[in-house]
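Chemist: For reference, the structure I am asking about is given below.
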Amino acid sequence: MYLKSLVLKGFKSFADRQVISLEPGITAIVGPNGSGKSNISDAVLWVLGERNPKHLRGQAMEDVIFAGSSARKSVGVAEVELVLDNSDGTLPVDYAEVSLTRRMYRSGESEYLINGAPARRMDFMDILHDTGLGTGTHSIIGQGNLDAILSSKPIDRRALIEEAAGVLKHKQRKERSARKLASMDNHLLRVKDVAAEVE
Ligand code: ATP
């Protein structure tokens, strides 16, 4: 699996539709200060489901929508599409190419699409689980992150090792199952109450 292309429209400094095509291997993006290099990695984080605007160097999530410039007025929607080459079948879907799209309107409403079909944020998480991509993982290291990792507490470093070892996804699934079990216990309690009343 590799990142095949990134399509940005109305995202941060990318007002017009911009297609960034990538090849397998290492890609370096160079450009003057303030030209939008970090906005590209922000776009990758965002499309994968990032919900914390601070992780995208903003104050509010709306800050990802192109806010206008001296030459152009602002737009009402930001859209990023990430196309992954899945010809090696890394992702658990029967497609050789997987497109993940996130759209956000000024109202704050977000839309997620997988290969053009409406999906939930959770579906993105499920598809990306075994890949090391996705929110909460460390596939994107921002400026200053490395220092934070090197000086992190042992318990935080353990979380990093668990992520790399693939334990994190099982922990998340366990937490989800525990929540479902707790809700089933509540239902069961109610059923028992009703049954006791009927008897
Ligand atoms: P450096 O090399 O200094 O780290 P960079 O190439 O990584 O810079 P970015 O930080 O990606 O640059 O881009 C900053 C530019 O993006 C600024 O000019 C900023 O005004 C613009 N920008 C960020 N958010 C928006 C937005 N919502 N609307 C319009 N422009 C935006």
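What follows draws every value from the coordinates through simple rules; no lab data is involved. Just so you know, these numbers come straight off a predicted model, no measurement behind them. Don't worry about glycine lacking a Cβ; one is built from the backbone with ideal geometry, like all the others, and counts go over all protein chains shown.
Chemist: For the chain, set up a GNM with springs between Cα atoms under 10 Å and report which of Gly76, Gly166, Gly144 has the largest fluctuation.
Modeler: Looking only at Gly76, Gly166, Gly144, the biggest GNM fluctuation is shown by Gly144.
Chemist: With a ≥ b ≥ c the root eigenvalues of the C-alpha gyration tensor of segment 19-63, is it rounded (a/c under 1.5), prolate (a/b larger than b/c) or oblate?
Modeler: Verdict is oblate for segment 19-63.
Chemist: Which order results if Lys174, Lys37 are arranged by neighbouring Cβ count within 10 Å, fewest first? Write down the numbers at each step before the final one.
Modeler: Numbers: Lys174 10, Lys37 14.
Taking fewest neighbouring Cβ atoms as first place, the list is Lys174, Lys37.
Chemist: Another question, if that's okay. Can you tell me the FRET efficiency between Asp94 and Tyr2 if r is taken as the Cβ-Cβ distance and R0 is 22 Å, rounded to the nearest 0.05?
Modeler: Calculated transfer efficiency: 0.75.
Chemist: Now for a separate question. Take each of the peptides 186-199, 8-21, average the number of other beta-carbon atoms within 10 Å over its residues, and list them starting from the highest.
Modeler: Highest mean packing first, the order is 8-21, 186-199.
Chemist: Going by amide H atoms built from the backbone, whose H comes under 5 Å of the H on Ala119, apart from near neighbours?
Modeler: Tyr112, Leu113, Ile114
Chemist: Can you give the helix-only mean residue ellipticity at 222 nm for the chain, where every DSSP H stretch with n ≥ 4 adds -39500 (n - 2.57) and the sum goes over all residues, rounded to the nearest 500 deg cm²/dmol?
Modeler: -11000 deg cm²/dmol
Chemist: Can you put Leu168, Leu146, Leu133 in order, fewest other beta carbons within 10 Å first?
Modeler: Listing Leu168, Leu146, Leu133 from fewest to most nearby Cβ atoms yields Leu146, Leu168, Leu133.
Chemist: Suppose the chain between Ala165 and Ser151 were pulled fully straight at 0.36 nm per residue; how much longer would it get relative to their current alpha carbon spacing?
Modeler: That works out to 3.0 nm of additional length.
Chemist: By per-residue mean of other Cβ atoms within 10 Å, what is the highest-first order of 103-112, 79-88?
Modeler: The most tightly packed comes first, giving 79-88, 103-112.
Chemist: Which ³J(HN,Hα) values, rounded to whole Hz and listed in residue order, are derived for segment 26-33 from phi using the Karplus coefficients 6.51, -1.76 and 1.60 in 6.51 cos²θ - 1.76 cosθ + 1.60 with θ = phi - 60°, glycine and proline given as x?
Modeler: Here the 3J(HN,Hα) series is 8, 10, 10, 10, 10, x, x, 4 Hz.
Chemist: Further, regarding this structure: State, to one decimal in nm, how far the label point of Arg57 lies from the label point of Ala195, with both points 7 Å from Cα in the Cβ direction.
Modeler: 5.9
Chemist: Residue by residue through segment 85-99, what is 3J(HN,Hα) from phi via Karplus (6.51 cos²θ - 1.76 cosθ + 1.60, θ = phi - 60°)? Round to whole Hz and write x for glycine and proline.
Modeler: Per residue, the Karplus-derived 3J(HN,Hα) values read 7, 10, 5, 8, x, 4, 7, x, 9, 8, 10, 6, 9, 10, 10 Hz.
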